[in-house]
Amino acid sequence: MNLDALIEFFHGLTPESVTRFPEFYSADAYFKDPFNEVRGVAAIQRIFAHMFEQVGEPRFVVSERVAADGGAMLIWNLSFRAARWGGGGKQVIRGVSHLKFDAAGKVDYHRDYWDAAEELYLKLPVVGMLMRGLRRLLAAPATGVSP
């Protein structure tokens, strides 16, 4: 796998370039994130096409990567404009993708890890208020130590 080419693909992802997923993903690739679990490159394309319908100006930026034989971890930020449910302001989701490659060098496993509660739900008006209250209730007492 040419990891640089895959990262550049995600950096430049547009509604039109979603058609290029078969260049990088195997026909029966597996994909999972906090909202979706699918198999097949066509289903993966539908997820990313749907993203462009739901949010404005989505842009992935991979900030770090760890590559090993047959796989990689990509640390990324997804910035977007939340026109439908966040008042139109710029939002950022921070996440990690775990990728595995097949013998031909294409992605055949893509699992995204990101905290939907912190990165999304807390920013919603009504749900966010409930989540913040629940978070305060369940948090350990502060010790005065900051990260």
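Just so you know, all these numbers are worked out from the coordinates, no wet-lab data involved. The shown structure was predicted, so the numbers you read here are calculated from the model rather than taken from an experiment. Because the Cβ atoms are built from the backbone with ideal geometry, glycine has one as well, and the counts that use them run over all protein chains shown.
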Worksheet item: With N residues in region 1-114, what two-decimal value do you get for its Cα radius of gyration over 2.2 N^0.38 Å?
Response: 1.03
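Can you give the local net charge around ALA29? Use residues other than it whose beta-carbon is closer than 14 angstrom to its beta-carbon, Lys and Arg +1, Asp and Glu -1. Intermediate values should be presented prior to the final figure.
Working: positive: ARG20, LYS32, ARG39, ARG46, LYS100, LYS106, ARG111; negative: GLU23, ASP28, ASP33, GLU37, ASP102, ASP108, ASP112.
Around ALA29, the charge tally is 0.
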